[in-house]
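Report on the following structure.
Throughout, read-outs are computed from the coordinates displayed, never taken from laboratory work. This one's a predicted model, so the numbers in the text were calculated from it and none came from an experiment. Cβ placement follows ideal geometry from the backbone for every residue including glycine, while neighbour counts extend to all protein chains displayed.
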Amino acid sequence: MPKFTYANGLVFTAEDQVDDVLINPKLPRRFDDTPNEVRPGSHAKWRGFPYIVTETVEALDAYYAGRTDEYAAAGLKMWKNEGRAKWMQAWPSGTRYTVRCLDGGAWDRSTNWGSFPTLAAAVECANTGPSWRYRG
């Protein structure tokens, strides 16, 4: 994955970058399951830095096809019969773009600022903040 250097000297690794917003960045180990009060220094550069993670219908197809647990057959049937169609209705391109930020909104993980059907809408959210956030 390429590295992206920002004006403040911070360097991040990610699949891509659009308008200074990282797409599918490589996050530090245990990033989304560490209480904020005990976060290591490797997490510090992420504070207040929104980024986008993607999930695709192809990845979900593979996930359901590859399950081997006791509920695998039922899960695959549900995905094929209704889940996949609902996913495509919500995310017509087949990709969901979720904006996340380590902003203290959650006690042990980055905050979900919202999920969007287009990259452009997700980038706008990352650059302006979530619609639910107070902007006083």
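In summary, the chain shows an alpha-carbon radius of gyration equal to 1.19 times the 2.2 N^0.38 Å reference for compact globular proteins.
Bridging of Lys3 to aspartates and glutamates at a Cα separation below 14 Å is possible for Glu15, Asp16, Asp20, once same-chain residues fewer than 8 apart are set aside. Applying 0.36 nm per residue to the separation of Ala90 and Arg29 and subtracting their alpha-carbon distance, the gain on full extension is 18.9 nm. For Ala74 and Thr118, the difference between the fully extended length at 0.36 nm per residue and the C-alpha to C-alpha distance is 12.8 nm. As a ratio to 2.2 N^0.38 Å, the alpha-carbon radius of gyration computed for the stretch 1-44 takes the value 1.26. Relative to the longest principal axis of the C-alpha atoms of the chain, give the angle of the C-alpha long axis of helix 119-128, reported between 0 and 90° and rounded to the nearest 10°. On a 0 to 90 degree scale, this one is about 30.
The GluC sites (Glu not before Pro) found in the stretch 1-107 that occupy coil by DSSP, while having at most 13 further C-beta atoms within 10 Å, are Glu70.
Loop-located chymotrypsin sites (Phe, Trp or Tyr not before Pro) across the stretch 19-113 with a Cβ neighbour count of 16 or fewer within 10 Å are Tyr71, Trp107, with loop assigned by DSSP.
With everything on Cα atoms, drop me the angle between helix 57-66 and the longest principal axis of the chain, reported from 0 to 90° to the nearest 10. Roughly 60 degrees, rounded to the nearest 10.
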